[in-house]
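Visitor: Mind looking over this structure? Questions follow.
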Amino acid sequence: MSGHRVLAATLVEPGHYELREYPLPDPAPGCVLIKMEVSGICGTDKHTYQGYTGQYGGNGTPRQIPFPIIQGHENVGTIAAIGGDRPYTDFEGVALKPGDRVVVGPNVSCGTCYYCRHDFPYYCCENTVDYGNNISAKEPPHLFGGWSQYLYVVPGSFLVRVPDDLPSDIAVLTEIMAVTVGLDRAKQISSFPNESFRFDDTVVVIGVGPLGMCFVMKARMLGAGTIIAVDLSDYRLGFARKLGADVILNARKTSETDRLAAIRELTNGRGADVVVECAGVPEAVREGLEMLRLGGLLVEAGNFSDLGEIRISPHRHLCAKNVHILGVGGEERAAYGPSMRQMARYMRQNPLNEFVTDRFGIREVEAAMKKSMAADSIKVVIDPWA
Ligand SMILES: [Zn+2]
Ligand SMILES: [Zn+2]
């Protein structure tokens, strides 16, 4: 296969893409070459493009993006070649062969740091490398992101075979759907008295971009009561309603006081049992805390990149509220297979086929990026062969 050239959109610095050609590599033993089919634009990609390049700052020392990079970590493709002659299986133990359609897990954990050894998720790994995000395209084999015709998968990665009945334009949502394990964790917490998230609990999702949209779906799947979606875009709110939201609040047309009053009215004056913050706006965290009932639970998933700081009242927002805050820095690997299978079920009753609103070719990533930030888009994807 070598000798061919591979086209990849390369982000050389924030705000600046170049279409570059790279050699097509043969995969080394234990490595896999994926022929890309579709790759999503994630909120993280937007933040990196805008210059928010600090990530994984939980230990006080954020890591910086090693430009140039090939973005794209929501990846669906088919196996072009598997290096070496040892059998290769997916995350769930299914044998893989060339031609199989897979989602590529975006993260490679080191397996040997304190957090890996104690079974923390990838985003706590001290040495995590993420396809499409923090692996430089400078060194061969270069192809470490999905906005490319081929993706090079290194040892320690995980692939998950896509069920035959799941279209690639829905499989491309698997990574963000897997981030909704935040609500599975909340379910576990609810085994303690008075803790959310229980059957029929009121759930507010702030920000129904693609991630928030997946949280709406997941909340519905897990038995939420009233689901309230908050966003700046009527277009997105309309789709959130189709996916399971009962009440929608446009934050451009309402004040914070209006929104708080609406939520209290829906909950006999108490406030929401669960708030999921997916707006990726620091200030939304404070508003989310305001919306909670006493002892409520905030899932914070939106500020994956460092977007700044806010002021809160430790008395009112934390102590006197008995609040529970669950920081969710990403997905868990075991959530990929279940997310795909559950989306395949959900799409029978819900218009999941409308989730991808726009498709752009490899020469149009700049336009794709702009569209992904527009109020009239939901999930925007790159088709590297278009
Ligand atoms: Zn992402
Ligand atoms: Zn590690």
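The values are calculated or read from the model by the stated rules, or taken from the named source; none is laboratory data. The model shown is predicted, which means the values in this text are computed figures rather than measured ones. Note: ideal-geometry Cβ built from the backbone for every residue, glycine included; neighbour counts use all protein chains shown. Note: areas computed on protein heavy atoms with side chains; ligands, DNA, RNA excluded. Shrake-Rupley method; radii C 1.70, N 1.55, O 1.52, S 1.80 Å.
Visitor: It is to be established whether one or more residues within region 378-385 are assigned to a helix (DSSP H, G or I), farther than 15 Å from Pro167 by Cα and of a type outside the set (Val, Ile, Thr).
Guide: No, every residue in region 378-385 fails to be assigned to a helix (DSSP H, G or I), farther than 15 Å from Pro167 by Cα and of a type outside the set (Val, Ile, Thr).
Visitor: Which of the residues spanning region 274-308 are over 18 Å from Phe197 (Cβ atoms) and among the basic types (Lys, Arg)?
Guide: Arg286
Visitor: Answer yes or no as to whether Thr180 is crowded, with 22+ Cβ neighbours inside 10 Å, under 26 Å from Val365 (Cβ atoms), more than 16 Å from ligand 2 (Cβ to nearest atom) and β-branched (Val, Ile, Thr).
Guide: no
Visitor: Here is a further query. Could you look through region 272-287, keep only residues that are closer than 21 Å to Arg185 by Cβ and in a loop (DSSP other than H, G, I, E, B), and pick out the one that is nearest to the chain's Cα centre (by Cα)? Outline the logic, then answer.
Guide: Of region 272-287, the ones closer than 21 Å to Arg185 by Cβ are 272-280, 284-285.
Going one step further and asking which of them are in a loop (DSSP other than H, G, I, E, B), we end up with 278-280.
Values: Cys278: 10, Ala279: 12, Gly280: 12 Å.
Ranking the candidates gives Cys278 first.
Visitor: State yes or no: is Val172 of a type outside the set (S, T, N, Q), at pLDDT 95 or above, out of contact with any His (no Cβ under 8 Å at 6 or more places or on another chain) and away from ligand 1 (no atom under 13 Å from the Cβ)?
Guide: Working: of a type outside the set (S, T, N, Q): yes; at pLDDT 95 or above: yes; out of contact with any His (no Cβ under 8 Å at 6 or more places or on another chain): yes; away from ligand 1 (no atom under 13 Å from the Cβ): no.
Here the answer is no, as Val172 does not meet what is asked.
Visitor: So, one more: So, restricting to helices (runs of 4 or more DSSP H) that lie completely within region 174-239, which ones have at least 3 residues that are more than 20 Å from Gly330 (Cβ to Cβ) and charged (D, E, K, R)?
Guide: Values: elements: 174-179, 181-189, 210-221.
So the answer is none; nothing clears 3.
Visitor: Name the residue, out of Phe215, Phe199, that is open to solvent by less than 10 Å² (accessible area, probe 1.4 Å) and of a type in the set (Phe, Trp, Tyr).
Guide: Phe215
Visitor: For the subset of region 93-141 comprising residues that are part of a strand (DSSP E or B), in contact (Cβ under 8 Å) with a residue 12 or more places away in the chain and within 16 Å of Val32 (Cβ to Cβ), which member is farthest from ligand 1 (Cβ to nearest atom)?
Guide: Arg101
Visitor: Just to check your reading of the model, which residue among Ala334, Ala367 is in a helix (DSSP H, G or I), open to solvent by 30 Å² or more (accessible area, probe 1.4 Å), in contact with a Phe, Trp or Tyr (Cβ under 9 Å, 6 or more places away or on another chain) and under 23 Å from Val12 (Cβ atoms)?
Guide: Just one listed residue meets the conditions, Ala367.
Visitor: Still on this structure, I have one more. Of all residues being open to solvent by less than 10 Å² (accessible area, probe 1.4 Å) and in contact (Cβ under 8 Å) with a residue 60 or more places away in the chain in region 285-294, which is nearest to Val179 (Cα to Cα)? Just the residue, please.
Guide: Gly288
Visitor: Answer yes if at least one residue in region 61-71 is without any contact (Cβ under 8 Å) to a residue 24 or more places away in the chain, within 16 Å of ligand 2 (Cβ to nearest atom) and assigned to a loop (DSSP other than H, G, I, E, B), and no otherwise.
Guide: yes
Visitor: Inside region 337-364, can you point out the residues that are part of a loop (DSSP other than H, G, I, E, B) and more than 25 Å from Asp231 (Cα to Cα)?
Guide: Passing the criteria: only Arg348.
Visitor: With the structure loaded, tell me whether Ile228 is open to solvent by less than 20 Å² (accessible area, probe 1.4 Å), closer than 27 Å to Met373 by Cβ and out of contact with any Phe, Trp or Tyr (no Cβ under 9 Å at 6 or more places or on another chain) or whether it fails that test. Please lay out each step first, then the result.
Guide: Working: open to solvent by less than 20 Å² (accessible area, probe 1.4 Å): yes; closer than 27 Å to Met373 by Cβ: yes; out of contact with any Phe, Trp or Tyr (no Cβ under 9 Å at 6 or more places or on another chain): yes.
So Ile228 passes the test.
Visitor: Determine, yes or no, whether Leu151 is at pLDDT 95 or above, of a type in the set (A, V, I, L, M) and part of a loop (DSSP other than H, G, I, E, B).
Guide: It is false that Leu151 is at pLDDT 95 or above, of a type in the set (A, V, I, L, M) and part of a loop (DSSP other than H, G, I, E, B).
Visitor: Please count how many residues of region 111-135 are open to solvent by 30 Å² or more (accessible area, probe 1.4 Å) and either of a type outside the set (S, T, N, Q) or modelled with pLDDT of 95 or more (or both).
Guide: 14
Visitor: Conditions: (1) surrounded by fewer than 24 Cβ atoms within 10 Å (Cβ to Cβ); (2) at pLDDT 95 or above. Ile206 meets all but one. Number of the miss?
Guide: If we test Ile206 against (1) surrounded by fewer than 24 Cβ atoms within 10 Å (Cβ to Cβ); (2) at pLDDT 95 or above, just (1) comes out false.
Visitor: Take Phe91 and decide whether it is open to solvent by 40 Å² or more (accessible area, probe 1.4 Å), more than 26 Å from Ile170 (Cβ to Cβ) and more than 13 Å from ligand 2 (Cβ to nearest atom).
Guide: Answer is no for this residue.
Visitor: Same structure, new question: Looking at Glu37, is it more than 16 Å from ligand 2 (Cβ to nearest atom), open to solvent by 50 Å² or more (accessible area, probe 1.4 Å), in contact (Cβ under 8 Å) with a residue 12 or more places away in the chain and outside any loop (DSSP other than H, G, I, E, B)? Walk me through it before giving the result.
Guide: Details: more than 16 Å from ligand 2 (Cβ to nearest atom): yes; open to solvent by 50 Å² or more (accessible area, probe 1.4 Å): yes; in contact (Cβ under 8 Å) with a residue 12 or more places away in the chain: yes; outside any loop (DSSP other than H, G, I, E, B): yes.
Here the answer is yes, as Glu37 does meet what is asked.
Visitor: Would you please list the contacts, defined by Cβ atoms under 6 Å and residues six or more apart or on different chains, that run from a residue in region 300-324 that is open to solvent by 50 Å² or more (accessible area, probe 1.4 Å) to a residue that is assigned to a loop (DSSP other than H, G, I, E, B)?
Guide: Cβ pairs passing all conditions: Asp306/Gly57; Asp306/Pro62.
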